[in-house]
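Derivation of every value follows stated rules applied to the coordinates shown; laboratory data play no part. All of these numbers come straight from a predicted model, not from anything done at the bench. A quick note on method: Cβ atoms are made from the backbone with ideal geometry, for glycine too, and the neighbour counts reach across all protein chains shown.
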Amino acid sequence: MKKTILLLGGSAQQIVAIETAKKLGYYTVLCDFLSDNPGQNYADKFYLTSTTDKEAILEVAKKEKIDGILAYASDPAAPTAAYVAEKLGLPGSPYESVEILCNKDKFRKFLEENDFCTPKAKSYISTKEAEKDIKAGVFKFPVIVKPVDSSGSKGVSQIDDAEDCIETLEYAMAFSRGKKIIVEEYVVKYGYQIAGDGLSVNGELVFRYFANDHFNPKCVNPFVPVSASFPYNMPKEVQDKVHNEIQRLISLLNMGTTTYNFDMRIDKDYNVYLMEIAPRDGGNYIPQVIKYATGVDLIEFSVKAAMGEKIEIKGCAEGSGYYAYYAVHSLKDGVLDEIKIADEAKDKIIENHIVKNKGDEIKAFTGANTTLGILIMKFESMEEMLDMMDNSEKWINIITE
C-alpha cells in the first residue's frame, strides 16, 4: 500500500512538488483554499481547505491517515505543516521553531536574545503607536516597515522621514493576516543581498547554495527581488561565515531535516545579518535553478524529508556555470500587448514559465503574486549574468495596450 503525503498549496509553482511525490511512489492529497488552483489536476485527492487553518488541516490529515506533510515553497503554510506533524508524530521540525522563523517579530527577538547581528526593531498592533514612536525618534532613518506574517515581500515599504508615515504603516498592516507589523532600522548591505536555498539533515546544514539578489528600483515595490543569480559573487571565507551563522541558528532552534530559503545581508565589515531564514524551499523556481547548477534536487529532498526517508548528500556540493531566474514584471497596470525579448537574451533562456498572454490584464509588480512569469537562464560568465540581471531593461520590454 502506498504511503500518503499531504501537500499544502496547489499553485502553478507548487505542482512540481506534487509531481515529485508521485514520481517517488506516494499517494498525494492536496489542500488549497482556491477552488481554481491548478495543482488539484495533478494530485490524487483534493480538499478545498485553507492551508493556514491548522485545525482543519489536522482533521484532513487524520482522515487520510497521512505519513507526512509538506508546505512546499509556502511561508504561510509552513507553521501548519509543523503543527500537524508534531500533533501526529510525523517527521518535521519543532512547531515553535518554525513559528519563530515564519514570524518576523518573533525572529528578530530570537536573534537579539542570542547575540546575532540584527537591526533595531519593534512590532506593533497599532499603526498609531508605530507612528508615535517613529515621530519620537525611536528609530534612525531610514526604516523598513513589514507585515510580520506575509511572504514574497508583500506590504514592505521604506520610510525616510516621519512626515505622512501613517499611510505606509497602514499599507503594511493591510497585508498582515494577524494585523501586526514590524518597524526595523535599515541594514546597509555590502555587495548584493544574499539569496539561495539550503538543506539540513538532523540539524546539520549539509547543503547551501547562495545567490545574488537583484532588484528593480523603478518598481512600485522596489523591495521585491526580480532575480536571483547563482553563484554568489563573494569569496569562500565570506560564504563560510554566512554558513556558520545559519548553522548556529538552526542548532539553537533544534531544527531537524528540512529545506530553507535565505534572505541575508553582510555589511562592510562582513558582519552577517540573517534577515529571513524561511523553513521551506524558495519560490520562483529557485530549486530548479540550483539543480541546473549543482545537480542537487532540493524538491526531491523536501518530499523525502517530509516522509522521513533517508537523504544522502556529499557535503556542500560545488556548482558550475552561471544561472538565474528572472521574474518577468510590469512597471504599471494595464492590458498586456507583447513581451519583447532581445534575440541575444532568448538564447540564454533554458526554461520559459511566462503565464500571461496577449490581452490579459496585468498589474504593476508589487510581489510574487503579480509576476507575469519566470524565466530560467544560463550565462557565459559572472559579469554577463550580473549585468543582464541588473539591467534587464536592455533586453526585455513589457508593452501594454
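Considering LYS358, LYS291, LYS340, which residue is over 18 Å from the mean Cα position of the chain (by Cα) and not in a strand (DSSP E or B)? Of the residues listed, the single one that is over 18 Å from the mean Cα position of the chain (by Cα) and not in a strand (DSSP E or B) is LYS358. Report, by residue number, each residue of region 1-15 that is on the phi < 0 side of the Ramachandran plot and surrounded by 20 or more Cβ atoms within 10 Å (Cβ to Cβ). Those that are on the phi < 0 side of the Ramachandran plot and surrounded by 20 or more Cβ atoms within 10 Å (Cβ to Cβ): THR4, ILE5, LEU6, LEU7, LEU8, GLY10, GLN13, GLN14, ILE15. When region 23-59 is filtered for residues that are surrounded by fewer than 21 Cβ atoms within 10 Å (Cβ to Cβ), within 24 Å of LEU88 (Cα to Cα) and touching a strand residue (DSSP E or B) at 6+ places or on another chain (Cβ under 6 Å), the ones remaining, listed by number, are TYR27, ASP44, LYS45, PHE46, TYR47, THR49.
The condition of being of a type outside the set (D, E, K, R), outside any helix (DSSP H, G or I) and over 27 Å from LEU331 (Cβ atoms) holds for only one of ASN284, ASN254, ASN244, that being ASN254. Name the single residue, out of those in region 183-196 being farther than 22 Å from THR294 by Cβ and out of contact with any Pro (no Cβ under 8 Å at 6 or more places or on another chain), that is surrounded by the fewest Cβ atoms within 10 Å (Cβ to Cβ). Per the stated criteria, the residue is VAL188. Of all residue pairs spaced 6 or more apart or on separate chains, those with beta-carbon atoms under 7 Å, a first member in region 225-253 that is free of Cβ contacts under 8 Å to residues at least 60 places away in the same chain and a second member that is surrounded by fewer than 22 Cβ atoms within 10 Å (Cβ to Cβ) and assigned to a helix (DSSP H, G or I) are TYR232/GLN239. Take the conditions part of a helix (DSSP H, G or I) and at negative phi and apply them to LEU249. Does it pass? Against the criterion (part of a helix (DSSP H, G or I) and at negative phi), LEU249 qualifies.
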